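The structure appears below as C-alpha cells.
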Ligand code: CUA
C-alpha cells in the first residue's frame, strides 16, 4: 500500500487526499509564479555599469492583482476545507457500528459494540488489542480515550487522525473501501514505546464479517470461561501480557510468541513437549533454566505459586 495521498482506500481518506492535491497544486503554481518573477526581475533589472534605475511609486494594476488573487484563493481554500471538515466531522450519520478505543502506554485496546454478535457467554463484549477488524464499505465510529497520557489514532490510508485524551472522549470515523490490512500508528509522542504503538485495521468483505466475529467470540470465550477466569485475569494484569499476545483479549505484547493457540502446539518454545500442565508450570517458573539465553525471565518467586498455577490452567484452555 502506498502513502495515503497516492493511495486513499476509504471515503474519508479520499476526501482528504483530493483536498490535499488541490492545495498542493495551487501551492506549486504560486511558488512557480513567485520564484519565476523573482528570478526574472533579478536578472533583467540587475545593477549594470552606466545604468540608472527607473524611479516610480505605486503600480495600481499589479497591486490589485496580488491582493485580489490571493484573497480569492484563501477564501476558496477555506470554503473547500470547511466542506471537507463537515464531512469528516460527521461521526453520527449512517454509522454501522461504534468501537471504543483506548490508548495506553503502549498499546491500543478495542472494545466492540453492544451487539449480540460481539457478546461473550459471560455477558462481556469482545475486546482486542492492536488489531481492529471491520466490515468493508461501512462507516465505523470510534470513541477514543486514553488511560495515561495523550495518544493519537491514525490509519493514514483510511482517514484522518484524532487524539485519544485521558478523561475525555473524542470521536472519529473510518471506512475501508476494499478488503485489506491497513497499518497505522500512534501519532502523539507518548514515551519510550511510542514507536511500537502500532495499529492494524483488517477490513473483511461484509459477507464474511459475521463469520469472523463468530470465531473471534469463540476464541475470546475460551479465554474467559469462569473456571479459568483467575488465570486469565492474572495473565492480563501481570507481566505476561506485556510480551505475549492472546487474541480475543487485550494482551497484545509483541516481544514473545503469540499464545492464542498455545495448548494446541506440539511443544513449548521448540524445546519442551508436550504442552501439558507439568511442562508449562516448569516453563513459567524458570524458562531460562530450560532454554538458556531466552528473554523470558523466571517467575518462580516473582509471582505467587498459586497464580502461576492459575495462569497455566488458563493457558491450557487456549486450543
Ligand atoms: Cu501512544 Cu504515541
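Read the figures in this text as sums done on the coordinates, not as results from a lab. Keep in mind that this is a model prediction, so the values were computed, not measured. Positions of Cβ are backbone-derived with ideal geometry, glycine not excepted, and every protein chain shown enters the neighbour counts.
Here are a few things to note about the model shown:
- The value of relative contact order for the stretch 75-143, using C-alpha pairs under 8 Å at least six residues apart, is 35 percent.
- Derived from the Cα gyration tensor, the three semi-axes of the equivalent ellipsoid of the stretch 248-319 are 17, 15, 14 Å, largest first.
- Length released on extending from residue 225 to residue 55, taking residue separation times 0.36 nm less the Cα-Cα span: 52.3 nm
- Mean-position separation - Cα centroids, the stretch 244-275 and the stretch 30-73, in angstrom: 70
- Gain on full stretching of the segment that runs from residue 31 to residue 263 - 0.36 nm per residue minus C-alpha separation: 77.2 nm
- Distance between the 7 Å Cα→Cβ label points at residue 71 and residue 271: 7.7 nm.
- In percent, rounded to a whole number, the relative contact order of the chain is 15, using alpha-carbon pairs under 8 Å and six or more apart.
- Taken along its principal axes, the alpha carbon cloud of the stretch 167-206 reaches lengths of 36, 23, 11 Å, longest axis first.
- With helices as the sole contributors, the chain gives -12500 deg cm²/dmol at 222 nm; each DSSP H run of n ≥ 4 counts as -39500 (n - 2.57), and the sum is divided by every residue.
- Per-pair calculated FRET efficiency, R0 = 22 Å: residue 82 and residue 38 via Cβ, rounded to 0.05: 0.10
- Once the Kirkwood radius over Cα pairs is known for the chain, the Stokes-Einstein relation at 37 °C and 0.692 mPa s delivers a diffusion coefficient of 140 µm²/s.
- When the Gaussian network model of the chain links Cα atoms closer than 10 Å, the mean-square fluctuations of 42, 137, 180 top out at 42.
- Fluctuation leader among 26, 186, 240 - the chain, Gaussian network, Cα springs under 10 angstrom: 26
- Ascending count of other beta-carbon atoms within 10 Å, so fewest first, for 232, 168: 168, 232
- Mean separation of Cα contacts under 8 Å, 6 or more apart, over the residue count of the stretch 194-319: relative contact order %: 26
- Packing here is the average count of other Cβ atoms within 10 Å per residue, and on that basis the peptides 299-306, 33-40, 274-281, highest first, run 274-281, 299-306, 33-40.
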